[in-house]
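Notes follow the structure.
The values are calculated or read from the model by the stated rules, or taken from the named source; none is laboratory data. Keep in mind that this is a model prediction, so the values were computed, not measured. Cβ placement follows ideal geometry from the backbone for every residue including glycine, while neighbour counts extend to all protein chains displayed.
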Amino acid sequence: MKVFTTLSTLLLLSLCTPIFAQTTPSQDSTKQANLLDEQVKMYGSVFSLGGATEEENPVKGATNYLDLLDKLNLSPELKKQVEEIYQLYDTSLDPLKKEELKIRANKMIQDAMAKSASEN
């Protein structure tokens with residue numbers, strides 16, 4: 001029972017600490033980690049640890065997401081579209097590039113609307 005009480009108290013304190021901590025409002029200027037790139041690295045490691053050879057490994061030695069896209073057997077149009085989405089995501093990770101993010105997102109929306117209108 002003593003262990004349960006101690007663990008419960010530690011959990012409660014760890015949950016309440018961010019509530020009572022003082023924070024200063026400031027704009028963060030550090031770029032966040034690109035989780036797609038990290039995911040590609042992790043999958044490559046998982047398949048390698050699982051004993052997959054270079055030919056069997058679906059990641060095929062890619063070190064980032066764009067590297068993986070180049071190695072996949074996709075149509076050039078689909079590769080271009082996925083790369084544009086990746087670049088938009090990568091731009092969203094940098095707080096200093098918010099204006100560029102707005103411009104890219106707006107361009108993608110306008111292109112999609114134009115494509116939709118031309119198909120009708």
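Identify, from the list Lys102, Lys97, the residue that is basic (Lys, Arg), under 20 Å from the mean Cα position of the chain (by Cα), outside the structural domain of Glu38 (by TED's automatic domain parsing) and surrounded by 15 or more Cβ atoms within 10 Å (Cβ to Cβ).
None of the other options fit; the residue is Lys97.
All but one of (1) assigned by TED's automatic domain parsing to the domain that holds Lys41; (2) without any contact (Cβ under 8 Å) to a residue 12 or more places away in the chain hold for Leu69; state the number of the condition that does not hold.
(2)
Determine whether the stretch 17-25 contains at least one residue that is part of a helix (DSSP H, G or I) and either assigned by TED's automatic domain parsing to the domain that holds Leu96 or at pLDDT 80 or above (or both).
no
Being touching a Gly at 6+ places or on another chain (Cβ under 8 Å) and surrounded by 11 or more Cβ atoms within 10 Å (Cβ to Cβ) narrows it down to one of Ala62, Ala52, so name that one.
Ala62
Only residues that are within 24 Å of Tyr89 (Cα to Cα) and not in a loop (DSSP other than H, G, I, E, B): list them for the stretch 32-52, please.
Residues satisfying the conditions are Leu35, Leu36, Asp37, Glu38, Gln39, Val40, Lys41, Met42, Tyr43, Gly44, Ser45.
Can you tell me how many residues in the stretch 87-108 are under 20 Å from Leu66 (Cα atoms), part of a helix (DSSP H, G or I) and either in contact (Cβ under 8 Å) with a residue 60 or more places away in the chain or not charged (D, E, K, R) (or both)?
The number of residues fulfilling the criteria is 8.
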